[in-house]
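Notes follow the structure.
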Protein chains: 2
Amino acid sequence: MPKAIEFWYEFASTYSYPAAMRIEELAAAKGVQVAWKPFLLGVIFRNMGFESTPFNEQPVKGAYMWRDMERLCEKFGLGFQRPDPFPQSSMFGTRIASALPDDGTRAAFSRALYARQFADGMGLSDQEGIAALLADLGHDPAKVIETALSQDNKDALRARTQQAVELGIFGAPMIRTSDGEMFWGHDRLEDAVQWAVDH
Amino acid sequence: MPKAIEFWYEFASTYSYPAAMRIEELAAAKGVQVAWKPFLLGVIFRNMGFESTPFNEQPVKGAYMWRDMERLCEKFGLGFQRPDPFPQSSMFGTRIASALPDDGTRAAFSRALYARQFADGMGLSDQEGIAALLADLGHDPAKVIETALSQDNKDALRARTQQAVELGIFGAPMIRTSDGEMFWGHDRLEDAVQWAVDH
């Protein structure tokens, strides 16, 4: 049986961006398959009593994070600009990602949407921009958006976010291995992939 | 001029433990000198509005951290047990570390105290245990403790903690480079040392 990990990600999450851009290559190099699990971290933050992301609630931590993101993106050759406002509302993009099959299609859209947001400065609520992105990727945008806004797809995303709560996911990105280990953050991608290989 | 970094650490901080045990070797391998900067993170957390460590305030994050510490310590060959209670009161040990000169003496004591706490389960408030540790390291415990409890030393520690606030330090461990870059957490030791080499 092939080794596998789950990649839990939130489109508005800064550190999810370099993680999403890098995880497939890291995993493939070790023969590990990646399941892409988009969820809504804002729901979880509200459950934890936060009104916004901790990066806004604790400005000194936020200032650190922005500088850290600049350094990380430069290190890995990724474009970066600060989304305005931050965090972006990720509901629409997450519903689109959920509507796409997890056979590489969802991953390709997710990487492209991260790049549009963090490298190009497109807003996550820009539905026309997202439709154009879908077209660029060879999809029929109207058809994907119709599926994305269906009750079944909304329910599936709600259920996945509820599963994240039940798994104890409190931030993004989170990588979960087949044996239930969790690794939090872009910094732990390599450890997570190695754990999947070794166990 | 030799490359240098500052290692800001708190004895009660879990991730400061593997960082303290590993940083000298990592830095020395790249020709980087380490200044050891013990400070009191509890003061900073209270300034940020926390009543305790976020690992206690957010139980789901705490549960993750304990498992993560087990994995990290196993990976790096470090003993680990969970301090009880957590966090420990670090005032006495931090005053001792502050009283020792930063010429390798402070680093050696600090590593030993981390190991006693996290590998052996000694309480940070165990003043007899800390005196025995000082004796093991070749110090005159009574003399070091007298210096540690002097007003000058208390003031120096207070000033260092205030400096941490002014630098924007919001957690531990924090590594600061000569050009003012900061790297937060055990996960970023390698990046911090490499930054010092490259800049």
Among B:PHE55, B:PHE80, B:PHE183, which one moves the most in a GNM of chain B with springs linking Cα atoms closer than 10 Å? B:PHE55
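When each pair of different Cα atoms in segment B:154-199 is counted once in the 1/r mean, what is the Kirkwood radius in angstroms, to one decimal?
One decimal place: 11.4 Å for the Kirkwood radius.
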With B:ASN153 itself left out, Lys, Arg at +1 and Asp, Glu at -1 over residues whose Cβ is under 15 Å from its Cβ give +3
Quick one: how many Å² of B:THR161 are accessible to a 1.4 Å probe, rounded to 10? 10
What is the set of long-range amide H partners of B:ALA35 at a cut-off below 5 Å, with H atoms built 1.01 Å from backbone N? B:ILE5, B:GLU6, B:PHE7
Please compute the average number of Cβ atoms from other chains found within 10 Å of each residue's Cβ in peptide A:66-73. 2
FRET efficiency, 1/(1 + (r/R0)^6) with R0 25 Å, evaluated for A:GLN162 and A:ALA35 via beta carbons: 0.90
Using only alpha carbon pairs under 8 Å that are at least six residues apart, calculate the relative contact order of segment A:139-193 and give it in whole percent. 19
Can you work out the FRET efficiency for the pair A:SER125 and B:LYS154, with r the C-beta to C-beta distance and R0 = 45 Å, to the nearest 0.05? 0.25
Per residue, how much accessible area does chain B have with a 1.4 Å probe, in Å²? 44
Hey, what did segment A:90-199 get for relative contact order, percent, Cα under 8 Å, at least 6 apart? 21
Counting Lys and Arg as +1 and Asp and Glu as -1 over every other residue whose Cβ sits under 9 Å from the Cβ of B:TYR15, the net charge comes to -2
Once A and B are treated as a pair rather than alone, how much accessible area drops out, both sides summed, in Å² to 100, probe 1.4 Å? 2100
Shortest first and in nm, the label-point separations between A:PRO83 and its counterparts in the other identical copies (7 Å out along Cα→Cβ) come to 3.6
Could you list which residues have their amide H under 5 Å from that of B:MET122, counting only those 5 or more apart in sequence or on another chain, with H placed in the peptide plane? B:GLN117
Starting at the first residue of segment B:47-53, write each ³J(HN,Hα) from the Karplus equation 6.51 cos²θ - 1.76 cosθ + 1.60 with θ = phi - 60°, in whole Hz, x for Gly and Pro. 4, 7, x, 7, 8, 9, 5
Could you give each residue of segment A:7-12 its phi-based ³J(HN,Hα) in whole Hz, using Karplus coefficients 6.51, -1.76, 1.60 with θ = phi - 60°, and x for Gly or Pro? 10, 8, 9, 10, 5, 7
Taking only pairs that are 8 or more places apart or on different chains, how many Lys pairs in chain B have Cα atoms under 23 angstrom apart? 7
Segment B:150-174: which residues show an accessible-area loss of 10 Å² or more, assembly versus chain alone, 1.4 Å probe? B:GLY168, B:PHE170
Looking at the protein assembly as shown, send over the antiparallel percent of its DSSP beta bridges, to the nearest 5. 50
As a check on your grasp of the helix formula, calculate [θ] at 222 nm for chain B: sum -39500 (n - 2.57) over DSSP H runs of n ≥ 4, divide by the residue count, round to the nearest 500. -16500 deg cm²/dmol
How long is the gain from B:GLU25 to B:GLU74 if the chain were fully straight, where each residue apart is worth 0.36 nm and the alpha carbon distance is subtracted? 15.8 nm
Listed residues B:LEU113, B:LEU41, B:LEU149, most fluctuating in chain B (Gaussian network, C-alpha, under 10 Å): B:LEU149
May I ask you to report, in nm to one decimal and beginning with the shortest, the distances from A:GLU51 to the same position in the other copies, taking label points 7 Å along Cα-to-Cβ? 2.0
Fluctuation leader among B:VAL165, B:VAL60, B:VAL34 - chain B, Gaussian network, Cα springs under 10 angstrom: B:VAL60
Size of charge dipole - segment B:56-199 - debye, nearest 20, with Cβ of Lys, Arg +1 and Asp, Glu -1, no other charges: 260
DSSP-defined antiparallel bridges as percent of all bridges, chain B, nearest 5: 50
Ignoring ligands, DNA and RNA, what percent of the accessible area of segment A:106-159 is carbon or sulfur (1.4 Å)? 48
What's the center-to-center distance, using Cα atoms, between segment B:50-96 and segment A:163-199 in Å? 20
Quick one: putting +1 on the C-beta of Lys and Arg, -1 on the C-beta of Asp and Glu, what dipole do you get for segment B:1-94 around its Cα centre, in Debye to the nearest 20? 220
Roughly how much of B:LYS75 is accessible, in Å² to the nearest 10, using a 1.4 Å probe? 120
With x for Gly and Pro, the residue-by-residue ³J(HN,Hα) of segment B:29-35, computed from phi through the Karplus equation 6.51 cos²θ - 1.76 cosθ + 1.60 at θ = phi - 60° and given in whole Hz, is 4, 10, x, 10, 8, 10, 9
Projecting each Cα onto the charge dipole of chain B (Lys/Arg +1, Asp/Glu -1 at the beta carbon, about the Cα centre), which of B:MET69, B:ALA115, B:LEU134 comes out farthest on the positive side? B:MET69
On the rotation axis linking copies B and A, which residue of B comes nearest by its Cβ, and by how many whole Å? B:ASP187, 2
How far is A:LYS30 from itself in the other copies, in nm, if each label sits 7 Å out from Cα along the Cα-Cβ line, shortest first? 2.2
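The values are calculated or read from the model by the stated rules, or taken from the named source; none is laboratory data. Model, not experiment: these values are computed from the prediction. Cβ sites come from the backbone with ideal geometry, for glycine too, and all protein chains shown count toward neighbours. Just so you know, the surface numbers come from the protein's heavy atoms only, side chains and all, with ligands and any DNA or RNA stripped out. Shrake-Rupley method; radii C 1.70, N 1.55, O 1.52, S 1.80 Å.
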